[in-house]
1. Classify the chain: rounded, prolate or oblate, from the alpha-carbon gyration tensor (a ≥ b ≥ c, eigenvalue square roots; a/c under 1.5 rounded; otherwise prolate if a/b is larger than b/c)?
2. Contour minus end-to-end for residue 224 and residue 303, with contour as 0.36 nm per residue of separation and end-to-end as the Cα-Cα distance?
3. By its C-alpha gyration tensor, with a ≥ b ≥ c as the square roots of the eigenvalues, how is the stretch 41-200 shaped: rounded for a/c under 1.5, else prolate for a/b larger than b/c, else oblate?
4. Could you work out [θ]222 nm for the chain from helices alone, using -39500 (n - 2.57) per DSSP H run of at least four and dividing by all its residues? Round to the nearest 500 deg cm²/dmol.
5. Quickly rank 157-167, 39-49 as a protection proxy: mean count of other C-beta atoms within 10 Å, highest first.
6. Extending each Cα 7 Å along its Cβ direction at residue 137 and residue 15, get the distance between those two points in nm, one decimal.
7. What does DSSP give for the chain in terms of the percent of beta bridges that are antiparallel, rounded to the nearest 5?
8. Using r as the Cβ-Cβ distance of residue 89 and residue 37, and R0 as 22 Å, what FRET efficiency do you calculate, to the nearest 0.05?
């Protein structure tokens, strides 16, 4: 019996690709150029498993392609709002993701952006790179202290909790959060965390607000002009979740007009394209979606996909099945 045919949509860590080659009839993407919608359709028609990333749009149109051969989509990423889940379910497609393994690294990036924004690090680096720094002075690039301040989290899942641990135990920050469901009390107690009744309460009380909610229609533009106006003028907004959770135009307006002091972003609406007005701002720190970008994490993500499709081909339930 021949090995299952597997198509990988982007370049993956070398050791994971080597394992795929050893186990399957695999088609890799050596060029690392994203597949078009037509190429994604062809992948579904010619492979037993398609392994996309969070940047591959598996829309209803793509998933409804006729003569599908694929039975499982092994998404490389914990988020899966790149996949039309309702259509996948209707088509009988199994979808898996890669939770747990990227928690700490994404929380690290959130803390990095918080510190960069608070201490105006991006602005300072530009001063050096543009050779405009004339030496130390008492009033230059004065930012906000982080230690002892209040961190507000929108969402309180694994990544938010990991960030809370770093912030509370490392920087003595007070933790408040909004979550639709009640978390484990022992976790809250270990962080001395307080659950707020509304998003608005978090925004109005926190010195730093970090977003940790899923993307999709339910949370699209959760942070809008009305809510940004609730934040302190000295506050900072951090987003490592999904770009469409924040109304970019409203955030740009908030940063320009001083409703808030700064922002740190790792994700964007419509990425890799971002509103060019962000590039004109001094009070925003910008990273190119680096949340899980460590060698250890990306290999672990790939291995998680391998485990999921191996279970499926063995006739077992994949551990990380979302549909």
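Values quoted throughout were computed directly from the atomic coordinates according to the rules given, and no laboratory measurement underlies them. Since the model is a prediction, treat every value here as computed from it, not as a measurement. Every residue, glycine among them, receives a Cβ derived from its backbone with ideal geometry; neighbour counts consider all protein chains shown.
1. On the way: a/c = 2.05, a/b = 1.77, b/c = 1.16.
Because a/c hits 1.5 or more and a/b exceeds b/c, the chain counts as prolate.
2. Details: separation 79, 0.36 × 79 = 28.44 nm, distance 3.74 nm.
Separation in residues times 0.36 nm, less the Cα-Cα distance, equals 24.7 nm.
3. Values: a/c = 3.44, a/b = 1.68, b/c = 2.04.
Verdict is oblate for the stretch 41-200.
4. On the way: 12 runs with 116 residues, N = 323.
Dividing the helical sum by the residues of the chain leaves -10500 deg cm²/dmol.
5. Working: 157-167: 21.9, 39-49: 19.7.
Put in order of decreasing packing, that is 157-167, 39-49.
6. Calculated label separation equals 5.1 nm.
7. Working: 1 of 37 bridges.
Counting only bridges with both partners in the chain, antiparallel ones make up about 5 percent.
8. Working: r = 20 Å, r/R0 = 0.92.
For residue 89 and residue 37, the calculated efficiency is 0.65.
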